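Participant: Supplied in structure tokens, the structure appears directly below.
The values are calculated or read from the model by the stated rules, or taken from the named source; none is laboratory data. Quick caveat, the model's predicted, so the values are computed rather than measured. Counting neighbours? That spans all protein chains shown, and the Cβs are built from the backbone with ideal geometry, glycine included. Accessible surface is based on the protein model in full, side chains and every heavy atom, while ligands, DNA and RNA are left aside. Shrake-Rupley method; radii C 1.70, N 1.55, O 1.52, S 1.80 Å.
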Amino acid sequence: MSTQARAPIELLANALYLCAGLLLTYALLAWLLALPAFDLRHIDIRGQLKHVDEAQIKLLGSRNIRGNFFTAELDDVRAAFEKLPWVDAARVSRRWPDRLVVELEEHQPLAIWNGRQLVSVSGRVFNALPDRPLPELNGADASAPEVSRTYRAFSARLAPLGMQIRTLSLSPRHAWRLKTDTGLEIALGRQDAEPRLARLAASWTQMVERLGAVPVYADLRYSDGFALRLPTAVATTPAHRVES
């Protein structure tokens, strides 16, 4: 056989040898990775945790962690931990030779959302049971971040008066209404809600002294003042108009 005739055959043979070598290497590597020496034996959980307990972690690990140190899918593990009710975020990494490190961040609850869920300080709605009394926020689901921010802003305005917000609602027409722990209800309307509340807070102490009673209702939906309603036992007229 001539040299020219042998060349294609030699190229084909070399290609077959290369493929066989690659397949053998792959099989050897797969065998090595499956050895018990690389099994995951520890899961280290880190973070300041108050609501995620050891029993939940063990159950989740037994159901969702598959493979060994090299083959475990970290994204799947992270997603499984983030399904826990109180977990806001999870980060998963490998630590040689036989462990996973899972760093968890819990939701920081701000309020009860629409009477059935919780909303965090970052405005994220999640499903969990409150572990302490919380204010109530209400609004469309998409408005949770806005309502959370507004709650904190309004709370800062009322804190110097010794009042805390018990309920804050944003209507479908984007009108604000709140009720404090003193029983005061405030209608703020749709525009300039925070400046209006600031005006009320600035004049509150003097108004109470002048009226001789603490109002139970304040309507701030006026451009030049607000209307107040006194408790029935002390009110001489249905409402008092206060110019700003």
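Participant: Just grab the label-to-label distance for A142 and A55, each label 7 Å out from Cα along the Cβ direction, in nm (one decimal).
Facilitator: With each label point 7 Å from Cα toward Cβ, the separation is 4.1 nm.
Participant: While we're on this one: Would you mind computing Rg(Cα) / (2.2 N^0.38 Å) for the range 97-164, counting N as its residues?
Facilitator: Working: Rg = 15.2 Å, N = 68, 2.2 N^0.38 = 10.9 Å.
This ratio for the range 97-164 stands at 1.39.
Participant: To continue, here is another question. For the range 69-135, would you read off the P(r) tail past 21 Å as a percentage of all alpha carbon pairs?
Facilitator: Values: 810 of 2211 pairs.
The proportion of pairs with Cα distances above 21 Å equals 37 percent.
Participant: Between L134 and N64, how high is the FRET efficiency from 1/(1 + (r/R0)^6) when r is the Cβ-Cβ distance and R₀ = 45 Å? Nearest 0.05.
Facilitator: Values: r = 31 Å, r/R0 = 0.68.
For L134 and N64, the calculated efficiency is 0.90.
Participant: In addition: So, for the range 118-176, what is the accessible surface per residue at a probe of 1.4 Å, expressed in square angstrom? It would help to have the intermediate numbers written out before the result.
Facilitator: Values: 3190 Å² over 59 residues.
Ligands and nucleic acids excluded, the result is 54 Å² per residue.
Participant: Quote the FRET efficiency, to the nearest 0.05, computed for D44 versus V216 with a Förster distance R0 of 35 Å and r equal to the Cβ-Cβ distance.
Facilitator: Working: r = 55 Å, r/R0 = 1.56.
Here the calculated transfer efficiency is 0.05.
Participant: Still on this structure, I have one more. Debye calculation, C-alpha points only, no solvent: report log10 I(q)/I(0) for the range 39-156 at q = 0.16, 0.21, 0.23 Å⁻¹, in the same order as the q values.
Facilitator: The Debye formula, applied to the Cα set alone, gives -0.77, -1.06, -1.20.
Participant: A further question follows. Rounded to a whole number, what % of the accessible area of the range 54-142 do carbon and sulfur atoms account for, probe 1.4 Å? Before the final figure, lay out each step's value.
Facilitator: On the way: 2410 of 4920 Å².
Whole-percent figure for carbon plus sulfur exposure: 49.
Participant: Note down the relative contact order for the range 49-189 as a percent, whole number, built from C-alpha pairs under 8 angstrom at least six residues apart. Walk me through the numbers on the way to the answer.
Facilitator: Numbers: 220 pairs, mean separation 18.2, N = 141.
In percent, rounded to a whole number, it is 13.
Participant: Net charge within 15 Å of P97 by Cβ-Cβ distance, Lys/Arg positive one each and Asp/Glu negative one each, not counting P97 itself? Could you put the intermediate results ahead of the total?
Facilitator: On the way: positive: R41, R94, R95, R99; negative: D39, D44, D98.
The answer is +1.
Participant: Right, another one. Across 5 Å bins from 0, what is the distribution of all Cα-Cα pair distances for the range 105-244, in whole percents?
Facilitator: Here the calculated profile for the range 105-244 is 2, 10, 20, 21, 18, 12, 9, 5, 2, 0, 0.
Participant: Nearest 20 debye, what's the magnitude of the dipole of the range 106-197 about its Cα centre given +1 on Lys and Arg Cβ and -1 on Asp and Glu Cβ? Spell out each step's value before the answer.
Facilitator: Working: 12 positive and 9 negative charges, 36 e Å.
Dipole of the range 106-197, to the nearest 20 debye: 180 debye.
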